Structure formats: structure tokens, C-alpha cells
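Q: First the structure, then my questions, so here it is.
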Amino acid sequence: MPRIKINGATAIQSNPSNTVLETMESAGLEPEYHCRDGHCGACRCKLVSGEVEYVGFAMAYVQGDEILPCISRAKTDIELNEVNYSIKEKRA
Ligand code: FES
């Protein structure tokens, strides 16, 4: 399974059948998102290395090195930068 490295700090295992956004959520992260459908650009981040495949149509503007995690899956190990996320608080 490809690994997803986030902001040079966190690394998680990708789930090949989930989008990168869903994979981050199931790993306990709370990435920023709004539409989850490639429209708003809220989830936009930079792809530093690796390859993703799009599973939806990107309507939001992205530059050449940016991706929309809500509609992409990791094809290889990938490294992302400028991901806005927080970590879920553990419930006692
Ligand atoms: S959440 Fe809207 S483009 Fe990803």
C-alpha cells in the first residue's frame, strides 16, 4: 500500500480504494474540506512527489504542482505539503 507523507511530519498508509482525503480521515486526521467533490478548492495542497489518479473532475483551480485530495487516490507513495489539517482529539 502506498504511503502518504504529509507536511514532512506525518506518514500514513494509503487505502487504495479511498481518496487521499478519506485516507487522512481514517488515520485520525481532520483535513480541511468543504464540497468533497472537486469544486471548492478547500482541500487543495501541493504534491511534492509521487503520483495520484483523479477519480472525479477537478473544477477548482489548481496549479501544476497542486492536487485536490477529495477526488484523488494515491497511485504511488506520495508526499504532500501545505495540507491544512488538525488531529482528532482522543476521547477519554
Ligand atoms: S473539498 Fe472541495 S475541492 Fe476538495
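Q: Assigning unit charges at the beta carbon (Lys, Arg +1; Asp, Glu -1) and nothing else, what dipole magnitude in debye, to the nearest 20, does the chain show about its Cα centre?
A: 240
Q: So, R0 is 30 Å and r is the distance between the beta-carbons of residue 81 and residue 57; what FRET efficiency does that work out to, to 0.05? Don't skip to the answer; put the middle values down first.
A: Details: r = 24 Å, r/R0 = 0.79.
Once rounded, the FRET efficiency stands at 0.80.
Q: Now a separate question. In whole Hz, what ³J(HN,Hα) sequence does the range 38-49 give by Karplus (6.51, -1.76, 1.60; θ = phi - 60°), x for Gly and Pro?
A: Once θ is set to phi - 60°, the couplings for the range 38-49 become x, 9, 8, x, 5, 8, 3, 8, 9, 9, 7, 8 Hz.
Q: Mind listing the long-range amide H neighbours of residue 52? Cut-off is under 5 Å, sequence gap 5 or more, other chains count too, H placed in the peptide plane at 1.01 Å from N.
A: Amide H neighbours of residue 52, under 5 Å, 5+ apart: 75.
Q: Cβ neighbours within 10 Å, averaged per peptide: list 23-29, 42-48, 65-71 in order, most packed at the top.
A: By packing density, highest mean first, the sequence is 65-71, 42-48, 23-29.
Q: Skipping prolines and chain starts, which residues have an amide H placed within reach, meaning under 5 Å, of the one on residue 45, given they are 5 or more residues away or on another chain?
A: Hits under the 5 Å cutoff: 67.
Q: Give me a comma-separated list of calculated 3J(HN,Hα) values for the range 50-61, in order, Karplus coefficients 6.51, -1.76, 1.60 applied at θ = phi - 60°, integers in Hz, x for any Gly or Pro.
A: After applying 6.51 cos²θ - 1.76 cosθ + 1.60, I find x, 10, 10, 10, 7, 10, x, 9, 7, 8, 6, 6 Hz.
Q: What number, in percent, do you get for the relative contact order of the chain if the mean sequence gap of Cα pairs under 8 Å and at least 6 apart is divided by its residue count? Don't skip to the answer; put the middle values down first.
A: Numbers: 208 pairs, mean separation 34.5, N = 92.
Result for the chain is 37 percent.
Q: Related question: Can you tell me which of 20, 52, 62 moves the most in a GNM of the chain? Springs connect C-alpha atoms under 10 Å apart.
A: 62
Q: Give the lysines whose C-alpha is closer than 25 Å to that of residue 88, dropping any in the same chain fewer than 8 places away, or say none.
A: Qualifying lysines at Cα under 25 Å: 5, 46.
Every number here is computed from the coordinates shown, using simple stated rules; none is lab data. Just so you know, these numbers come straight off a predicted model, no measurement behind them. As a convention, Cβ positions derive from the backbone with ideal geometry for all residues, glycine included, and neighbour counts pool all protein chains shown.
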